[in-house]
Amino acid sequence: MTSDVDHDTLNNALRRCGANWDAAQAHGLLSSRLAVAGADAGIDWLQQVLEGTNESDALRGECAALLNTLFQDTLRQLSERLPEFGPLLPDDSDSASVRAAALAHWCEGFLHGLVSVDHGEVLKKRLAGDPLADIIRDMLQLTRAHVDEDSDDETNEAAYAEIVEYVRVAVQLTYEELADLRGRSGKSPAEAGGTLH
């Protein structure tokens, strides 16, 4: 993912301010919330990720600023169908097992965002039909992602890259499939391009 916020910086900031979400989970949650509600999802997402943190703490302010940047970047990438969209994950310098665990967390966040938002029967029906039902099933499988210790590094790296690419495309497809639901909120990404508070 191309963003002004990298995984490790956000992850460390979330940990320091006492958030219960890690960076991968938070971005997965954001991606699905944007698919369902568009720009309107921002405030609720920010509050959910920072729930239980001290609002007067400077570390929380630092974290909120990073999250706001991530929100703006991700909204722009999805709404403008930019190819640089991708899940926010550790870079290749981290071990395969660390990256696989982060990918599993990312998928957990994404699924949580789809099922925990209240959009009534219309959303439920959409999520139960193709292609979204297949994407949800696949994401559920990926929440158990881990490195195959019996495979060599090259095989594991190739499998990881393939899965990350699948997730990237699946999220873009989810965003497209739910476009009409987002349209009901009446606010375009351009209108909601301000700062989260």
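The values are calculated or read from the model by the stated rules, or taken from the named source; none is laboratory data. Not measured: the values here are computed from a predicted model. FYI the Cβ positions are ideal-geometry reconstructions off the backbone, even for glycines, and counts take in every protein chain you see.
Here are the numbers:
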| quantity | calculated |
| --- | --- |
| Residues being crowded, with 21+ Cβ neighbours inside 10 Å and more than 20 Å from E177 (Cα to Cα) - total across the range 31-46 | 1 |
| Selection count where residues are within 17 Å of P87 (Cβ to Cβ) and aliphatic (A, V, I, L, M), scope the range 148-187 | 9 |
| Test: residue in the range 138-156 that is within 19 Å of D91 (Cβ to Cβ), touching a residue at least 60 places away in the same chain (Cβ under 8 Å) and either aliphatic (A, V, I, L, M) or not in a loop (DSSP other than H, G, I, E, B) (or both) | yes |
| Residue pairs meeting the criteria (Cβ under 6 Å; at least 6 apart or on separate chains; first among the β-branched types (V, I, T), in the range 165-178; second part of a loop (DSSP other than H, G, I, E, B)) | V167/P87 |
| Criterion: among the hydroxyl-bearing types (S, T, Y) and more than 13 Å from the chain's Cα centre (by Cα) - qualifying residue of S93, S32 | S93 |
| Qualifying residue in the range 46-64 (condition: in contact with a helix residue (DSSP H, G or I) (Cβ under 9 Å, 6 or more places away or on another chain), of a type in the set (A, V, I, L, M), modelled with pLDDT of 95 or more and part of a loop (DSSP other than H, G, I, E, B)) | yes |
| Verdict on N12 being closer than 17 Å to L88 by Cα, surrounded by fewer than 24 Cβ atoms within 10 Å (Cβ to Cβ) and out of contact with any strand residue (DSSP E or B) (no Cβ under 8 Å at 6 or more places or on another chain) | yes |
| Considering residues of the range 1-29 that are aliphatic (A, V, I, L, M) and in a loop (DSSP other than H, G, I, E, B) only, the residue nearest to the chain's Cα centre (by Cα) | M1 |
| Subset of the range 54-76 that is surrounded by fewer than 20 Cβ atoms within 10 Å (Cβ to Cβ) and of a type in the set (S, T, Y) - its residue that is nearest to W21 (Cα to Cα) | T69 |
| Cross-chain or 6+ apart pairs with Cβ under 8 Å, the range 84-99 first and exposed (fewer than 11 other Cβ atoms within 10 Å of the Cβ), then in a loop (DSSP other than H, G, I, E, B) | D91/D6 |
| Residue count, the range 137-155 (criterion: within 18 Å of A24 (Cβ to Cβ) and at pLDDT 85 or above) | 7 |
| Selection count where residues are at pLDDT 95 or above and among the acidic types (D, E), scope the range 81-119 | 1 |
